[in-house]
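The values are calculated or read from the model by the stated rules, or taken from the named source; none is laboratory data. Everything numeric in this text was worked out from a predicted model, so none of it was measured. Cβ sites come from the backbone with ideal geometry, for glycine too, and all protein chains shown count toward neighbours.
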Amino acid sequence: MKKLYADVVVVAAGPSGLAAAITSAENGKKTIVFEKMNTAGGAANMGMGLLGIDTHVQKRTFDEITVEEALDIHMNYTHFRVDAELVQAYFSLSADTILWLEEMGVEFAGAYRYFRESAATWHIVKPENGVIGPRAASSMIKAMTNRATDLGVDIYYETPATDLIFEDNRVCGVTAISAAGEKIEAHCKAVCVCTGGFGNNPEMIKEEFGLIQGQDFFSIQVPGVDGDGLRMMWKVGAQKYGLNVEVIQMVTLPEELRTLSIAMFQPNLLINQLGDRFMNEEYMNNGTFLGNAIGLQPGRYAYVLFDGGIIRHYKRNGVDCVSLVHPDSRLDGFDSAAEQALKAGEDAFFVADTVEELAEKLGINCEKLEDTLEEYNDMCACGVDSKFFKKSKYLRPITGKGKYYAGKLYLGAYGTLGGVRINKRCEVLDSEHKSIPGLYSAGTDANTIYGDSYNFMLPGNTMGFAVNSGRLAGFAMSDYIDSLDE
């Protein structure tokens, strides 16, 4: 067995793990990181940016939001079912974190809203190709990895941690296995676990949430995110707490049929398998709201209905709703994409000439579907949604002019959230709310600050919490180690 010695051991090199490692090293602590995969970053490599509050980037475009304002928004959104001290510590540090990243060479394209109603807190990393979109944050991960290496942090890739070393009622190390199969025992004074949840573990998702991956739930699966760190922490007495998923709507169509997905994300008639309308569709642009609503429907899916007339309107005038994740404003290539989907036998997109044919393809009672469409079209004719009060500008009748279309939306998620309880210093707590000496956690494993619903009103929250909680853990571990040495 190979033995290593350090002040700090960090488990996983995602944004939270890198932040914890860099901060520890900046405070003079010898730091080791064990990373399961062959590269750093994890899910952040697919992301775009992180939350910042009261930053100089926001001030340049007059999009200031204070910590006081953001905390009020967040605590009201979560109905105060989260740790306000932890949220306050995270928000208060976030502006300095943007500067900290810039000192490493990270550039930000600006501070953006996710959609119109949200705040401009999403500090999107300036992408290497100049196009804002998914994977923009990968350059931030490169800069953080380089910074960690420059500070002397030893990162062991393809070396998954297997257990925490727990002696004399404190965590004092980690066991791991190298890519060559060599067992490693790393002794230290503090450990920070940052393994990103368990979004890639269907068995664990089913056990914890009763959801079946690929059937009634479609989580974005990031290789290596299997719940290893949570199981290690639970094993040494960490409080099991705050398990949730970061819900969104999900479409199972391939990327080359993206224009169909954009059409499906517009605020037209939403129905469930029973043929019932179930929400005000103008809130579809908030993935949390739509995902929550879909999750309550039979089978945890829904259909969005529209017709050729609506498509022609979008082609001519642009779509109703865009976001930075779905920025397409027009439906270029819709007809060819629809034809391609039908030829491929895609089961998430349907075309019909009549209501009867549509009802048959969706497996919905035809009379019920006709009644729902008639009620909806009457409201469109009046310009008043007397059921859910959708704004009149989104009330477009569905008459089948130029065919009926239906898209299937599933319950999805960016990944899981939470699993252990931490305090504002990112110390992991046991069942009696006492900190477990030497054990810290940051990022998704400890992200319990949303209650029952992820807060898209302050976008960039998941990555923002990851980087800032990693820094908070790094500061706290350094203080803890200094106290041991006194």
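Test Ala348 against the stated conditions and say whether it is under 27 Å from the mean Cα position of the chain (by Cα), crowded, with 18+ Cβ neighbours inside 10 Å and in the same structural domain as Gly400 (by TED's automatic domain parsing).
yes
Do we have any residue at all in region 186-204 that's surrounded by fewer than 16 Cβ atoms within 10 Å (Cβ to Cβ), among the charged types (D, E, K, R), within 26 Å of Asn45 (Cα to Cα) and out of contact with any helix residue (DSSP H, G or I) (no Cβ under 9 Å at 6 or more places or on another chain)?
Scanning region 186-204 turns up at least one residue that is surrounded by fewer than 16 Cβ atoms within 10 Å (Cβ to Cβ), among the charged types (D, E, K, R), within 26 Å of Asn45 (Cα to Cα) and out of contact with any helix residue (DSSP H, G or I) (no Cβ under 9 Å at 6 or more places or on another chain).
Given (1) more than 28 Å from Pro202 (Cα to Cα); (2) in contact (Cβ under 8 Å) with a residue 24 or more places away in the chain; (3) among the polar types (S, T, N, Q); (4) surrounded by fewer than 14 Cβ atoms within 10 Å (Cβ to Cβ), identify the lone condition not met by Asn423.
Exception for Asn423: condition (4).
Can you name the residue in region 426-454 that is among the charged types (D, E, K, R) and under 29 Å from Asn292 (Cα atoms) and, of all such residues, is surrounded by the fewest Cβ atoms within 10 Å (Cβ to Cβ)?
Looking at the filtered set, the residue picked out is Asp452.
So which of Ile53, Ile22 is hydrophobic (A, V, I, L, M, F, W, C), touching a residue at least 12 places away in the same chain (Cβ under 8 Å) and not in a helix (DSSP H, G or I)?
Sole residue among the options that is hydrophobic (A, V, I, L, M, F, W, C), touching a residue at least 12 places away in the same chain (Cβ under 8 Å) and not in a helix (DSSP H, G or I): Ile53.
List the strands (runs of 3 or more DSSP E) inside region 68-156, counting only whole elements, that have at least 1 residues being within 22 Å of the chain's Cα centre (by Cα).
Filter on region 68-156 gives 108-112, 122-125.
So that you can scan it fast, the table gives a plain yes or no per residue for (1) of a type outside the set (Gly, Ala, Ser); (2) crowded, with 23+ Cβ neighbours inside 10 Å; (3) in contact with an Asp or Glu (Cβ under 9 Å, 6 or more places away or on another chain); (4) closer than 26 Å to Gly309 by Cβ:
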| position | (1), (2), (3), (4) |
| --- | --- |
| Tyr241 | yes, no, no, no |
| Glu246 | yes, yes, no, no |
| Leu253 | yes, no, yes, yes |
| Arg258 | yes, no, yes, yes |
| Asn272 | yes, no, no, yes |
| Gly275 | no, no, yes, yes |
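Sort through Lys59, Lys36, Lys2, Lys30 and tell me the only one that's basic (Lys, Arg), more than 18 Å from the chain's Cα centre (by Cα) and crowded, with 20+ Cβ neighbours inside 10 Å.
Lys36
What's the number of the only condition in (1) assigned to a strand (DSSP E or B); (2) of a type outside the set (Phe, Trp, Tyr); (3) surrounded by fewer than 18 Cβ atoms within 10 Å (Cβ to Cβ) that Ala180 fails to meet?
For Ala180, the exception is condition (1).
Is one or more of the residues making up region 171-182 under 19 Å from the mean Cα position of the chain (by Cα) and free of Cβ contacts under 8 Å to residues at least 60 places away in the same chain? Working first, answer last.
Residues of region 171-182 that are under 19 Å from the mean Cα position of the chain (by Cα), as a first pass: none.
No, there is no match, as no residue in region 171-182 is under 19 Å from the mean Cα position of the chain (by Cα) and free of Cβ contacts under 8 Å to residues at least 60 places away in the same chain.
Identify all residues within region 205-227 that are in a strand (DSSP E or B) and closer than 24 Å to Ala40 by Cα; write none if there are none.
Ser219
Looking only at residues that are in a strand (DSSP E or B) and within 13 Å of Lys408 (Cα to Cα) in region 289-323, which one is farthest from the chain's Cα centre (by Cα)?
Selected residue: Phe306.
Do you know which of the residues in region 95-106 that are touching a residue at least 24 places away in the same chain (Cβ under 8 Å) and in contact with a strand residue (DSSP E or B) (Cβ under 9 Å, 6 or more places away or on another chain) is farthest from Leu71 (Cα to Cα)?
Looking at residues that are touching a residue at least 24 places away in the same chain (Cβ under 8 Å) and in contact with a strand residue (DSSP E or B) (Cβ under 9 Å, 6 or more places away or on another chain), I get Val106.
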